[in-house]
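First the structure, in the form of structure tokens, and then the observations on it.
Values quoted throughout were computed directly from the atomic coordinates according to the rules given, and no laboratory measurement underlies them. If you're wondering where the values come from, they're calculated on a predicted model, not measured in any experiment.
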Amino acid sequence: MMRRASQRCLISSKRKDFFKMKRTCIFQDTERMGNTTGLLEAARRLYGEEAFDTCGVFLDDPGDHFHGIFSHVVRVTEGLMDRWDARAMTGVLEKLHQQHDFDSILIPATTLGKMIAPRLARRLQAGLVSGVTDILRQKDSIEIIRPACSGRILEGIRFSGPAPVILSIRPNAFDYTPDASPGGGLQTNVSEYSAPATARSAVKQLHVEKIKQTRDIRDYEVLVSGGGGVKERFSDLYPLAAALNGTVSASRKLVDQGIAPRAIQVGQSGKTVSPKLYMALGIHGSMQHLAGLRQVDTIISVNTASHAPICSLSDIVVQGDTGEFIDRLMEKIMIHKLNNKDS
């Protein structure tokens, strides 16, 4: 289901030259450094064929990796600022906007980004769309897509009024292609911004608890994902994933039943993933789940129902019992490893 809504930007425009090149600011959180180019693709979708400047704001030295794809790179020197202080980083982005007058500000929907985006929108009196998963361009309008109502529907938002527009982008929602960038091979200007000293944050770190999973499911190239059809054998997915040098993920159905932790949920109300291989075992494939698979290279689905929605998205469909498939695949993998070991 798609719900359409309108949201008006409240900030008044300071510009008199409405024909100058658009400017977009991309803040990069060190939590998800690999998603930087995804935000570049979101900017390209936002402006289409229209030329635009990109300003990447980094807390860490980005090196030469982003040279040629950003128009400008700003490295924030922290000074006395706590790098995890959302209030301080909001102030930095506010000052940069005052200097450069951005048309749009893109922020990753990470833990830190989710705290910065609403603060910045409040300070700039600007419109904000959080958790963006897609951007659709039509003739005379741009529609920004995000999940709503706990991921049960997709909401389309259209902006009207002057800049800036602030978008909080879900990790892995966009896949950047360098050739698609207007004016590829840009001359990148690098500068530093010295963050002013700020008052000590009212938030204190009291306790750090280690979690069992040290890597995020979005960091793996292989995901073995389980749904309702494999709930009785969900624990068997872990050795299979390990044998494939991947990890386990799950559908919302297993998370809601308490069989799988929420940290490994895939879908609109979970995480958007982009592995090279996604193996869907016993997953029916609701619209919300499929929305989290937009950037997957190859999908293999195993299901007793060949008409399940996920089958239409899959590259390979195996119709049959998931338990039998797991056993046979593990047997093949072990035989292959033994043969290679002997040789």
**Message:** Starting from 0.36 nm per residue, how many nanometres of slack lie between Ser141 and Met287 once their C-alpha separation is accounted for?
**Reply:** 50.1 nm
**Complete:** For Ile142, the residues 5 or more places away or on another chain with a placed amide H closer than 5 Å to its own amide H are Phe159
**Message:** Could you give each residue of the range 68-73 its phi-based ³J(HN,Hα) in whole Hz, using Karplus coefficients 6.51, -1.76, 1.60 with θ = phi - 60°, and x for Gly or Pro?
**Reply:** x, 10, 9, 6, 9, 10
**Fill in**
The distance between the Cα centres of the range 130-164 and the range 290-324, in whole Å, is 28 Å
**Asked** From largest to smallest, what semi-axes in whole angstrom does the range 222-340 give when each is the square root of 5 times an eigenvalue of its alpha carbon gyration tensor?
**Response** 21, 15, 14
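Multiplying the sequence separation of Asn245 and Arg75 by 0.36 nm and subtracting their Cα-Cα distance, what value in nm do you get? Kindly include the intermediate steps, with their values, before the conclusion.
Working: separation 170, 0.36 × 170 = 61.20 nm, distance 3.54 nm.
Stretched fully, the Asn245-Arg75 segment lengthens by 57.7 nm.
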**Complete:** HN-Hα couplings for the range 236-248 via Karplus (6.51, -1.76, 1.60; θ = phi - 60°), in whole Hz with x for Gly/Pro, come out as 6, 6, 5, x, 5, 4, 5, 5, 9, 6, x, 9, 9
